[in-house]
Amino acid sequence: MSNCRDIYKLVSENLNEILNLRQKRTMKGDNSPVTEGDMLCQQLIMDYVKSIGGDYEVVSEEMDLGNFVFDENKNYIVLDPIDGTENFTSGLKEWGVSVSIYKKGKHEESMLMLPELDLCLSTGDTLPGKNQSRIRGLSSSSLYKPYRESLEEGVEYRLPSCAVYGMYNVVIGSYHSFEKPKSARSWDILAGLNLALEHGLSVYVNGEAYKGEFLIPNQTYSFKVENNHHA
């Protein structure tokens, strides 16, 4: 049984209710929005986690994790209930749900879900075919001037404004690469990093080869995920 697939079914079954809450938003301290849709999605998944037992600790974007201390003997579900909330609350379909499950410090399974686009990729899934894109996906933080000035001339870039969307597309080959130069959080990227590893992509975190390790949620990271074909 796949916990990620159970969560996919749970979100899908409640999608209309989640969408009905996309305009009910408040602004967080960092001036980013959170909607009642985010909170409903988080609560649905937390209720599911309680129902399955297994002594999981949920780590989610919408929690206060300032005092988090990693324990390699614990089981964790790292969750972004709605990644790309700015897109979600603006009526765009490019938003996602990210889930990554670790048992006793080891990655077990992950999922990237784009509910309004009816797309999902989970651990163990087979890709129907691999695209050979030359497009390089960038996070919105890539707009910062020092990084922007380092971008190569003549290269096709895209800014998806949703890490789940970017990760999904690089894993299936619709992006040649996807990266963020700073400030990524574990709930943004853990699922995508592990699915990229599973499908043979090159994965780097803070400039070092990533091998599936747990990422502490109260820290920030840079990352790059890249297909190995010539762009």
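Tabulated results
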quantity: In range of the label at residue 64: residues from segment 192-221 whose backbone nitrogen is under 20 Å from the point 7 Å along Cα→Cβ; calculated: 217-220
quantity: Percent RCO, i.e. relative contact order, over the chain, from Cα pairs under 8 Å lying at least 6 residues apart; calculated: 17
quantity: Accessible surface of the chain [probe 1.4 Å, protein heavy atoms]: carbon and sulfur percent; calculated: 45
quantity: Antiparallel bridges, percent of DSSP beta bridges restricted to the chain (to nearest 5); calculated: 75
quantity: Set 103/211; 130/180; 50/74; 74/106; 104/180; 104/211 screened for pairs whose C-alpha atoms are more than 19 Å apart; calculated: 130/180; 104/180
quantity: Whole-angstrom gap from segment 9-31 to segment 163-220, using each part's C-alpha centre; calculated: 24
quantity: For residue 75, residues with placed amide H under 5 Å, excluding near neighbours; calculated: 57, 104
quantity: Amide hydrogen neighbours beyond the local backbone of residue 120, cut-off 5 Å, H modeled; calculated: 114
quantity: Accessible area in square angstrom per residue, segment 74-231, 1.4 angstrom probe; calculated: 43
quantity: J(HN,Hα) series, segment 102-119, from Karplus relation 6.51 cos²θ - 1.76 cosθ + 1.60, nearest Hz, glycine and proline x; calculated: 10, 10, 6, x, 10, 5, 10, 7, 9, 8, 10, 10, 10, x, 6, 9, 6, 10
quantity: Which label in (1) 16.8, 52; (2) 19.0, 68; (3) 18.8, 57 gives the computed Rg and Dmax of the Cα atoms in Å; calculated: (1)
quantity: Heavy-atom accessible area ranking, 1.4 Å probe, most first, across 74, 9, 50; calculated: 50, 9, 74
quantity: Calculated FRET efficiency for the pair residue 116/residue 51, C-beta based, R₀ 25 Å, to 0.05; calculated: 0.45
quantity: For residue 107, distant residues with modelled amide H under 5 Å away; calculated: none
quantity: Anisotropy class of segment 1-130 from Cα gyration tensor, a/c 1.5 cut; calculated: oblate
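The values are calculated or read from the model by the stated rules, or taken from the named source; none is laboratory data. Owing to the predicted nature of the structure, the values given are computational and were not obtained by experimental measurement. Cβ: placed from backbone, ideal geometry, glycine included. Neighbour counts: every protein chain shown. We work out accessible area using only protein heavy atoms, side chains counted, and drop any ligands, DNA or RNA first. Shrake-Rupley method; radii C 1.70, N 1.55, O 1.52, S 1.80 Å.
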